[in-house]
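Scroll down for the structure; my scribbles are underneath it.
Nothing in this text is a laboratory measurement; each read-out follows from the coordinates by a stated rule. Owing to the predicted nature of the structure, the values given are computational and were not obtained by experimental measurement. Backbone-built Cβ (ideal geometry, glycine too); neighbour counts: all protein chains shown.
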Amino acid sequence: MDSLLDHAPCGFITLSANGDILEINQTLLSILGCRQDDLSGRPVSTLLTVPSQVFYQFYFVPLLKREKRVEEMHLSLQSPSGEEIPVIINAVQSEKDGKATTDCIFFPIRKRSEYENELLTAKKEAESALIALHKAHTELDMAMGNLKDQQRELVKLNRQNQRFKQETEKELELARKIQEISLTDPIDHPTIQIESFYKASRQLSGDIYGFYQIDDHRYGVILLDVMGHGISSALITMSLHSLFQRLIPGGARPEKVLNELDSHLHSLFQKEEEARHYCTAIYLLIDTKRKKIEYINAGHPAALLQSPTTGEQHELASTNIPIGMFEGAAYIPKTISYIEGDRLLLYTDGVTDFLGCNHLSPLLQENHSIPIGRLKQIIIQSLEDNQQPSQKTDDQCFILVDLR
Amino acid sequence: MDQDIIVRNNVKVFGNGDKAMMFAPGFGCDQTVWKTVAEAFKDDYRVVLFDYVGSGNSDLQAYDFIRYNTLEGYAQDVLDVCAALDLEQAVFVGHSVSSMIGMIASLRQPQYFSTLVMVGPSPCYLNDPPEYLGGFEREQLQGLLELMEKNYIGWATMFAATVLNNSSRPALKEELEERFCSTDPLIARQFAEATFFSDNRKDLPRVTVPTLILQCSDDIIAPVSAGEYLHQHLSKSVFKQMEATGHCPHMSHPEETIQLIRQYLNETAVGVLA
């Protein structure tokens, strides 16, 4: 080997057709830290690390066989001391004296290799980040898709709900009208005048009343408040209504009226204990000839009897527990007398919830001389004035009776 | 004939025999590596060459990262080609990992194969001491994967440069069009992982097809210990130690490869007749 090649600034090696080392230059020997004698005749793969030996077999040998040359192949040498030296190899095969030999140059790339390693690491990180991004994107797309589906479903449900709500409102409105139709009209007779006010908390009320002329001098006035409000309470009021509107005009005794209503509630909930509703009720049988009132108050707020002359007030307080509570309760009416000009106020607790018990009584007292039509307006006004917007309203109902 | 498979796997058929002889390239190679050896059998056999999907002139669009994650996917390629050509009792010659791919295919559809010829085979590349020596530690195989990565850019430019610099040798350009090795780094890496981290030892006792094992000398990739292990566990196997060194005797020592295959086929044929 000429001196120029021997000391060239790169490793140089000549291989036999089998890949055995024929010649090796000084530069490569010093890179490896070997002597010429150690390497001559040995396979070039012994200079390589194990992975490089495999790569050599898989790529270098076939490529050289086919192309007669290899360019820029990255392999690693392993020195006898165990150091790994990354190199770039170029190789050309040629015929010398009828035998194929391969000349290779080895170019150590320690620094470049480190740089490449860093690049590869960065590349891998970028790739993983990209994969993560793709994954996140896919998941996001899926989530968005799901969200859109759900939104569509929600819109659909909302529309159904809206339709259902409208239908329900229409139905409830109709039911409210039916409930109101069942209420009796005001009475204005020479001996008695009866006015009433009725307001449901929602479309339907748990309150119901009725006043009837029984004969030429007797009148029956009833006011009921079914526990709760809304549809279930309203249904019960209608059921009770159909009962008392037969009993009262027929002149049934007060105890009979209450007993019947009580049994009716018990029979309603005999099998459905959970649906059980009880009900407060007050029934007045007014005899205008004898100027007497027989009454039963089953757990209802006390009715007020206002005297026009003395300004005295008398309470028609509770005589019994509410109906529908305990089966077989005995109802015994009380009797009071009245004089001409006395005035009665019956109301449900929806009224006193706003005004308080102590508010109604002075209102009645202060306005004892004005017609009950006006008094009714004053009470309604008072109710509206005292209503808090945030307050949950109960059904409201009151009856005014002018005894003449 | 399923034309889709023929195109997908770049299947080439030539030769004059009644019996088919199928050559499967090893890791990282395509069918051109069999050129010399396959030529030698074309007078007696119907020679079948193909590329696995992802290498050579196969249809890269057909590459499926899930299917080709294990050797089973490559074995399916072999079976697809057998089905497309309606092969029966073919001689299957597989280099390197294709020996195992052919073996897996034979376990699934034995009727396609009369003989397996394994050139430089290994049932498992990793050492599993004390009873098995595959030749490699895991980190050495990882090192190989890293080298593949580092050479990828080199590969691409090397081929381009070769074509440009050899305009005086137009034949070379044509030859290059049949890509020698898969150039897609992702596919190459997946094939490498499927190849080098596979362990097919437990399948060996189930193999029914007679097998010729061609063991190279000084083969770092498939050492003698791997070939001998195969011979011990394949019941109908013949083991031949080759003079050829390295891992690619079909390229480096085609004459010896041809001679040993022919000798085995003649002997087994005589055996069948007798």
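For residue A:327 and residue A:242, what does the FRET efficiency come to when R0 = 35 Å and r is the distance between their Cβ atoms, rounded to the nearest 0.05? Efficiency, from the Cβ-Cβ distance: 0.95. Which whole-number percent gives the relative contact order of chain A, counting Cα pairs below 8 Å spaced six or more residues apart? Over chain A, the number comes to 12 percent. Per the Debye formula on identical point scatterers at the alpha carbon atoms of the protein assembly as shown, with no solvent, log10 I(q)/I(0) at q = 0.05, 0.09, 0.11, 0.12 Å⁻¹ is -0.52, -0.82, -1.09, -1.19. Which of rounded, prolate or oblate describes segment A:185-403 when judged by the alpha-carbon gyration tensor and an a/c cut-off of 1.5? In terms of gyration-tensor shape, oblate. Pick from A:322, A:190, A:333 the residue whose mean-square fluctuation is largest in a GNM of chain A, springs joining Cα atoms under 10 Å. Looking only at A:322, A:190, A:333, the biggest GNM fluctuation is shown by A:190.
For residue A:22 and residue A:68, the FRET efficiency from 1/(1 + (r/R0)^6), where r spans their Cβ atoms and R0 equals 22 Å, is about 0.80. Database remark: amide H of residue B:198 closer than 5 angstrom to the amide H of B:125 (H placed geometrically; neighbours at sequence offset of 5 or more, or on other chains; Pro and chain starts carry no H). Each label point was placed 7 Å from the Cα along the Cα-to-Cβ direction; for residue B:18 and residue B:189 their separation is 5.0 nm. Partners of residue A:177 within straight-line reach, counting aspartates and glutamates whose Cα lies under 17 Å from its Cα and excluding those fewer than 8 residues away in the same chain: A:167, A:169, A:185, A:207, A:395.
Could you work out [θ]222 nm for the protein assembly as shown from helices alone, using -39500 (n - 2.57) per DSSP H run of at least four and dividing by all its residues? Round to the nearest 500 deg cm²/dmol. Provide the component values of the computation, followed by the final result.
Details: 21 runs with 285 residues, N = 678.
Value at 222 nm, helices only, nearest 500: -13500 deg cm²/dmol.
Exposure proxy for B:47, B:207: other Cβ atoms within 10 Å of each Cβ, ordered fewest to most, give B:207, B:47.
Rank the residues A:318, A:205 as a footprinting-exposure proxy: fewest other Cβ atoms within 10 Å of their Cβ go first.
Values: A:318 16, A:205 27.
By the 10 Å Cβ count, ascending, the order reads A:318, A:205.
Computed over Cα pairs, the Kirkwood radius of chain B leads via Stokes-Einstein (1.002 mPa s, 20 °C) to a diffusion coefficient of 113 µm² per second. Peptide B:241-248 is shielded by partner chain Cβ atoms: per residue, an average of 3 of them sit within 10 Å of its Cβ.
Taking 0.36 nm per intervening residue step and subtracting the Cα-Cα distance, what contour gain separates residue A:140 from residue A:180 on full extension? Numbers along the way, then the final one.
Values: separation 40, 0.36 × 40 = 14.40 nm, distance 5.64 nm.
Additional length available on full extension: 8.8 nm.
Largest mean-square fluctuation among B:57, B:16, B:200, in a Gaussian network model of chain B whose springs join Cα atoms under 10 Å apart, belongs to B:16. Seen through its C-alpha gyration tensor, with square-root eigenvalues sorted a ≥ b ≥ c, segment B:13-138 comes out prolate because a/c lies at 1.5 or above while a/b is bigger than b/c. Straight Cα distances below 29 angstrom link residue A:334 to the lysines A:256, A:289, A:291, A:292, A:376, with same-chain residues fewer than 8 positions distant left out.
Distance between the pseudo-spin-label points of residue A:353 and residue A:1 (7 Å out from Cα toward the beta carbon): 10.8 nm.
If you rank B:93, A:257, A:61, B:7 by fewest surrounding Cβ atoms within 10 Å, what's the result?
Numbers: B:93 28, A:257 23, A:61 18, B:7 13.
By the 10 Å Cβ count, ascending: B:7, A:61, A:257, B:93.
Between residue A:388 and residue A:150, the contour length at 0.36 nm per residue exceeds the alpha carbon distance by 81.8 nm.
Please compute the contact order of chain B in relative form: average sequence separation of alpha-carbon pairs under 8 Å and at least six residues apart, divided by the residue count, as a percent.
On the way: 518 pairs, mean separation 55.6, N = 274.
Reported as a whole number, the value is 20 percent.
Placing a pseudo-label 7 Å from each Cα along the Cα-to-Cβ vector at residue A:117 and residue A:170 gives an inter-label distance of 8.0 nm. To two decimal places, what compactness ratio does segment A:3-108 give when its Cα radius of gyration is scaled by 2.2 N^0.38 Å? Compactness ratio reported: 0.98.
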